[in-house]
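Colleague: Sharing a structure with you now.
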Amino acid sequence: MRGFALALTVLLSACATATNAPSLAPRAAESIDPRVPVPEPVLSTAPTAGLVEKLDALVAQAVAGDRAFSPLIERARQLAEAAGAKESESWVVAQQALSAAVGARLPVTSAVGDIDALGAQRVQTLGGIGAADLEAIGSAAAKVAEIDEREAAAIDSVQKRLAR
């Protein structure tokens, strides 16, 4: 019986040192009083000044690009209406005019991408976007998207005319 008790003691002591049990000491979080109110985060009601300037510049870029696009798409529309059969000389001239109009869309399409990039950059660097900044980005994006959609519809219209 003594041998069994001794073997049992040795086995139990080996198990006690081999385990990696967590400490039962109080953790740091347990020392915080749960009755202490958590302060509300400060929400900015005005967008960041540098962001507003960048967004205004991008909207202005899109508006200026639209002014350059308008006469080119109108010329392409006129040439498409007067174009002859597919692959005729007048059809090729209309296609070239349409290509020039498509190329003139660059300021608008890059403004769309740059506004999206500003929002993504803020999320990545700051971990989120404040409500005021999000509203400013959304407003600028909506203005530029309206221009972009109008220009895309005009190009689509001319392309359909030339496809006949």
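Colleague: Explain nothing, just the number: dipole magnitude of segment 27-112 about its Cα centre with +1 on each Lys and Arg Cβ and -1 on each Asp and Glu Cβ, in debye rounded to the nearest 20.
Modeller: Dipole about the Cα centre, nearest 20: 100 debye.
Colleague: If I compute solvent accessible area with a 1.4 Å probe over the protein chains, what percent of it on segment 82-164 is carbon and sulfur?
Modeller: Whole-percent figure for carbon plus sulfur exposure: 56.
Colleague: Could you bin all the Cα-Cα distances of segment 34-136 into 5 Å bins starting at 0 and give me the percent of pairs in each, rounded to whole numbers?
Modeller: 2, 11, 14, 13, 11, 9, 9, 8, 6, 6, 4, 2, 1, 1, 1, 1, 0
Colleague: Now, a different point. Quick one: Debye curve from the alpha-carbon atoms of segment 61-121 only, equal weights, vacuum; give me log10 I(q)/I(0) at q = 0.12, 0.14, 0.20, 0.22 Å⁻¹ to two decimals.
Modeller: -0.38, -0.48, -0.72, -0.79
Colleague: I've got another one for you. Using only the alpha carbon atoms of segment 86-158, find the Kirkwood hydrodynamic radius as the inverse mean reciprocal pair distance, in angstroms to one decimal.
Modeller: 14.4
Colleague: For segment 64-69, in order, what is each residue's ³J(HN,Hα) by Karplus, 6.51 cos²θ - 1.76 cosθ + 1.60 with θ = phi - 60°, in whole Hz (x at glycine and Pro)?
Modeller: Residue by residue, segment 64-69 yields 5, x, 5, 5, 6, 6 Hz.
Colleague: List the residues, sorted by chain then number, that are 5 or more residues from THR48 or on another chain and whose placed amide H is less than 5 Å from its amide H.
Modeller: Here the answer is ASP133, since their amide H atoms fall under 5 Å of that of THR48.
Colleague: Now a separate question. Could you calculate the contour length gain from GLU81 to ALA28, that is, 0.36 nm times the residue separation minus the distance between their Cα atoms, to one decimal place in nm?
Modeller: Details: separation 53, 0.36 × 53 = 19.08 nm, distance 7.74 nm.
11.3 nm is the gain from fully extending GLU81 to ALA28.
Colleague: Which whole-Hz couplings ³J(HN,Hα) result when phi for each residue of segment 99-107 is put into the Karplus expression 6.51 cos²θ - 1.76 cosθ + 1.60, θ = phi - 60°, listed in order with x for Gly and Pro?
Modeller: Per residue, the Karplus-derived 3J(HN,Hα) values read 4, 5, 5, 4, x, 6, 7, 3, x Hz.
The values are calculated or read from the model by the stated rules, or taken from the named source; none is laboratory data. Just so it is clear, the structure is predicted and the values come from calculations on it, not from any experiment. We place every Cβ from the backbone using ideal geometry, glycine too, and count neighbours over all the protein chains shown. We work out accessible area using only protein heavy atoms, side chains counted, and drop any ligands, DNA or RNA first. Shrake-Rupley method; radii C 1.70, N 1.55, O 1.52, S 1.80 Å.
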